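Each remark here refers to the structure printed beneath this line.
The values are calculated or read from the model by the stated rules, or taken from the named source; none is laboratory data. No experiment lies behind these values; they were computed from the predicted model shown. Note that we place each Cβ from the backbone using ideal geometry, even for glycine, and neighbour counts take in every protein chain shown. We work out accessible area using only protein heavy atoms, side chains counted, and drop any ligands, DNA or RNA first. Shrake-Rupley method; radii C 1.70, N 1.55, O 1.52, S 1.80 Å.
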Amino acid sequence: MIDSHCHLAGDEFTSDLSEVVGRAREAGLSGALVILGAEDVAELGRAANVSSAWDQVRFSVGVHPHQAGQFASDPAKAAQQALSAIEAQPLSRAVGEIGLDYHYDFSPRDVQQQVFREQIRLAGQLRLPIVIHTREAEDDTFRILDEENATEIGGVFHCFTGDREVAQRCLDIGFYVSLAGIVTFPRALELKEVAKMVPLDRLLIETDSPFLAPVPYRGKRNEPAHVARVAEVIADLRGTTAEAIASATHENHVRLFNP
Ligand SMILES: [Zn+2]
Ligand SMILES: [Zn+2]
């Protein structure tokens, strides 16, 4: 089983990283894709601790939409910064998380769009898949992906929270849909429908640790071991076993990220 999206190099994990990794291994995880903020020097530095504590981790590096505002005067610089961080980290396997967040609007929308666009182009040049973060911004996200020919690049919509129609749009452009702990929340009825409709060969599972702990850990710091709960809940919804979900999503992860 693989956690396809977590922030293990975040400062939330500095004090007990080896215990967190130990619990992940015990839970049956064979690896994780760890997200690094390309502009976050401290986090990029902690990546080495993570890969020495857990040699199967791989990294995805990008400027998150929340940080896009730092590049308002020169959006191309976001992609340059991502490039130099990727070049400095030999275990990089993807560009992300990148995208648009109109829920928080921490960065001006036009800047978010330009920073997103520049990083999609970078991924195309590097032949790396992209990890997309999109919130309340579906139409602009799909428009930019279309304009930048992202189908040829490929990637995943991480922590998917849309409805079945949005999921279908992801699938139509050849992307994967990744479900996080939200699918375990009792009220996430539409997301449970999404969990049933995504073809098994296009599904990924993640924790987005330290955020979004699944039931029954809600409100606590999340960690990669809890991806097992996501697999269990999806398995129940689909009438299959957690092992079947784990192995299919593992296979998909390997196909997409070539870890
Ligand atoms: Zn995200
Ligand atoms: Zn994330």
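Listed values, structure above:
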quantity: Residues (more than 14 Å from the chain's Cα centre (by Cα) and over 17 Å from R164 (Cα atoms)) located in segment 186-222; calculated: P186, A213, P214, V215, P216, Y217, R218, G219, K220, R221, N222
quantity: Residues being surrounded by fewer than 21 Cβ atoms within 10 Å (Cβ to Cβ) and farther than 20 Å from G31 by Cβ - total across segment 213-234; calculated: 7
quantity: Subset of segment 4-28 [within 15 Å of ligand 2 (Cβ to nearest atom) and open to solvent by 50 Å² or more (accessible area, probe 1.4 Å)]; calculated: D11, E12
quantity: Positions within segment 29-63 being among the polar types (S, T, N, Q) and open to solvent by less than 10 Å² (accessible area, probe 1.4 Å), in sequence order; calculated: S60
quantity: Output for segment 29-44, where each listed residue is away from ligand 2 (no atom under 16 Å from the Cβ) and of a type in the set (G, A, S); calculated: S30, G31, A42
quantity: Every residue from segment 137-147 that is under 21 Å from H66 (Cβ atoms), more than 16 Å from ligand 2 (Cβ to nearest atom) and of a type outside the set (F, W, Y); calculated: E138, D139, D140, R143, I144, L145
quantity: Which numbered condition M1 fails, given (1) under 28 Å from A231 (Cα atoms); (2) surrounded by 16 or more Cβ atoms within 10 Å (Cβ to Cβ); (3) within 16 Å of ligand 2 (Cβ to nearest atom); calculated: (3)
quantity: Subset of segment 85-102 (residues that are free of Cβ contacts under 8 Å to residues at least 40 places away in the same chain, open to solvent by 50 Å² or more (accessible area, probe 1.4 Å) and not charged (D, E, K, R)); calculated: P90
